[in-house]
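What follows is calculated from the coordinates using simple rules that are stated; it is not laboratory data. All values reported here derive from a predicted model rather than from experimental measurement. Heads up, the Cβs are rebuilt from the backbone with ideal geometry, glycines too, and the neighbour counts pull from every protein chain shown.
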Amino acid sequence: MKKFSTRSIVLGALLAACALLVSFIESLFPLPLPLPGAKLGLSNITVLLALLLLDGRTAFFVLAVKVLLGALLFGTPISLLYAAVGGSLSFAAMAALNARRSVSPIGQSIAGAALHNLGQVLVAAALTATPRLLLYYTPLALLALLTGSLSGFLAQLCARSLRRLPFHSG
């Protein structure tokens, strides 16, 4: 098993802290859309950055901190379930596409956003025993194109900048 370097531990911890901060700020400003619960998902930039700059284990650590501490600090047990399912599906998509290296960070982020929304709609449909809630996925998938593009673009810019810094070894 590959050992973590001090640099990857520090950068992973910084990304996890940034994810919590961005999640908190985003929770303060709901989107003015007729889609309950819709968010920009900007904290997912940190997970994608960890995938782009570090490795899958560190990226999963960033996601786990974001989901668990985010729910503990400014969420509920139900929000933990939504975030865990959505985040897991999102992570799986982004990690699989990142491993291929033929899909841009923007494409990875769009796929992650779309599957995150799908996971949350599936949880809502299961908790309420209302399969018709799956129809809500259509507008959320369209929103995922926009939000995923924005997050992917920003992650790509950040990754380029961070790769120039002397602490980055990858």
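Using alpha carbon centroids, what distance separates region 117-166 and region 18-59, in Å?
When both Cα centres are located, 9 Å separates them.
I want to check the label-to-label distance for residue 142 and residue 161. Put each point 7 Å from Cα in the C-beta direction and report it in nm to one decimal.
3.3
Which Cα, out of 139, 102, 31, lies furthest along the positive dipole direction of the chain (beta carbon charges, K/R +1, D/E -1)?
So the residue we want is 102.
In 10 Å bins starting at zero, report the fraction of Cα pairs in the chain per bin as a rounded %.
With 10 Å bins starting at 0, P(r) equals 11, 40, 35, 12, 2, 0.
So what are the three principal axis dimensions of region 1-73 from its Cα atoms, in whole Å, longest to shortest?
Here the Cα extents, ordered largest to smallest, are 47, 23, 16 Å.
How tilted is helix 105-128 with respect to the longest principal axis of the chain? Cα atoms for both, answer in degrees (0 to 90, nearest 10).
Approximately 40 degrees, to the nearest ten.
To the nearest 20 debye, what is the magnitude of the charge dipole of region 6-163 about its Cα centre, counting +1 on the Cβ of each Lys and Arg and -1 on the Cβ of each Asp and Glu?
I would put it at about 320 debye.
Rounded to the nearest 10 degrees, what's the angle between the helix 137-163 long axis and the longest principal axis of the chain, both from Cα atoms, 0 to 90?
10
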